[in-house]
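Beneath this line is the structure, given in structure tokens, with notes to follow.
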Amino acid sequence: MAGILFIISAPSGSGKSTLVNEVRRLVEGLEFSVSYTTRAPRGSEEDGREYHFTTKENFERMIAADEFLEYATVFGDNYYGTAVSALVQARKHGHDLLLDIDVQGALQVMKKVPEAVSIFILPPSPQVLEMRLRNRSQAEGMTQESVIEKRLSQARNELLKIGDYKYALVNDQLEVAATEMRSIVLHERGEDGVVEEIAAQCLTTAKSARLEAALESFYLGDQAGV
Ligand code: ADP
Ligand code: 5GP
């Protein structure tokens, strides 16, 4: 295996974690980079599984020691970062590595690792995004209006960067989006045929009808740079 670095970004609540879990079930040899964060665990999250939960002091010590490939302050209050060690480990195992990071972090990695393959996941519309954010908060037993509002307004800013990504997927039906993401991974590993065709339709430059409709629903028809 080539040791490909996949960068996945999406507005919070788009279904990125759900989709990534599904694709990891379908494709072998995909390691997931567990990020460091200073935010508190949510719902059933466990330290070392979804994130390495840490303190601001320890995070800042790691920044000073140059232990991050990238890091960013997300939603204005918490640090999130990818440890260089995740990349080193995946390369040692000959595995591909998946980074689930925000747009700021993605742009840093694209500069440092230009051959990384970037994928942006969009929700089909702002209404669906809001519904998913609310459903998730309810399921986790903490509906904080300010948190939902912050995530919704940030979504539009993030969508403006979609033109910097190689691929874009609309997560409407999970099965369809998972097939698309699986196809992208397999095609980037060198497979052709059907997976190549599906991957080609997901290129941001291909401007699929689903992508355009999703961008328009956020009033971003021409502004998103695709
Ligand atoms: P993210 O990782 O992007 O913040 P999650 O994976 O936590 O988002 O998904 C947010 C919510 O949306 C969850 O409740 C999840 O079950 C739901 N969800 C994810 N993908 C879909 C989909 N394709 N259709 C319907 N609901 C979905
Ligand atoms: P959440 O709090 O919903 O888990 O994540 C909030 C945002 O932080 C998401 O957009 C997620 O992709 C991003 N994120 C998670 N880990 C990292 C990371 O290591 N670096 C950066 N830059 N963003 C991250």
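The values are calculated or read from the model by the stated rules, or taken from the named source; none is laboratory data. Everything quoted here is computed from the prediction, not taken from an experiment. When we count neighbours, we look across all protein chains shown, and the Cβ atoms used for this are built from the backbone with ideal geometry, even at glycine. Just so you know, the surface numbers come from the protein's heavy atoms only, side chains and all, with ligands and any DNA or RNA stripped out. Shrake-Rupley method; radii C 1.70, N 1.55, O 1.52, S 1.80 Å.
The mean sequence separation of alpha-carbon pairs under 8 Å and at least six residues apart, normalised by the residue count of the chain, gives a relative contact order of 26 percent.
With every protein chain in place, what's the accessible area of residue 125 (1.4 Å probe, Å², nearest 10)? Rounded to the nearest 10, the figure is 20 Å². Reported value for segment 1-105: 104 Å³ per residue, from the convex hull of its C-alpha atoms. Note that the chain presents 50 Å² accessible area per residue, ligands and nucleic acids not counted, probe 1.4 Å.
Separation of segment 78-94 and segment 162-198, taken as the distance between their Cα centroids, equals 23 angstrom. Within the listed set 110, 181, 131, the residue fluctuating most in the Gaussian network model of the chain (springs between alpha-carbon atoms under 10 angstrom) is 131.
Give the residue from 81, 35, 4 lying farthest towards the positive end of the charge dipole for segment 1-111; charges sit on Cβ (+1 for Lys and Arg, -1 for Asp and Glu) and the dipole is referred to the Cα centre. Value: 4. What the pair-distance distribution of segment 82-160 shows, using all Cα-Cα distances binned every 10 Å from zero, is 15, 36, 27, 21, 1 percent.
With 19 Å as the limit, the listed pairs 111/166; 56/112; 16/166; 166/207; 111/207 have 56/112; 111/207 beyond it between alpha carbons. A Gaussian network model of the chain, with springs between Cα atoms under 10 Å, assigns the largest mean-square fluctuation among 65, 86, 199 to 65.
Taking each DSSP H run with n ≥ 4 as -39500 (n - 2.57) and averaging over every residue of the chain yields -13500 deg cm²/dmol at 222 nm.
A crude spin-label estimate for the pair residue 28 and residue 111, with each label 7 Å from Cα along the Cβ direction, gives 3.9 nm. Taking the protein heavy atoms of segment 83-216 in the context of the full set of protein chains, the accessible area attributed to carbon and sulfur is 51 percent at 1.4 Å.
One quarter of the surface of the convex hull around the alpha-carbon atoms of segment 39-198 equals 10.8 nm², the direction-averaged projected area.
The alpha-carbon atoms of segment 163-226 define a convex hull whose volume equals 74 cubic angstrom per residue. Partners of residue 92 within straight-line reach, counting lysines whose Cα lies under 17 Å from its Cα and excluding those fewer than 8 residues away in the same chain: none found.
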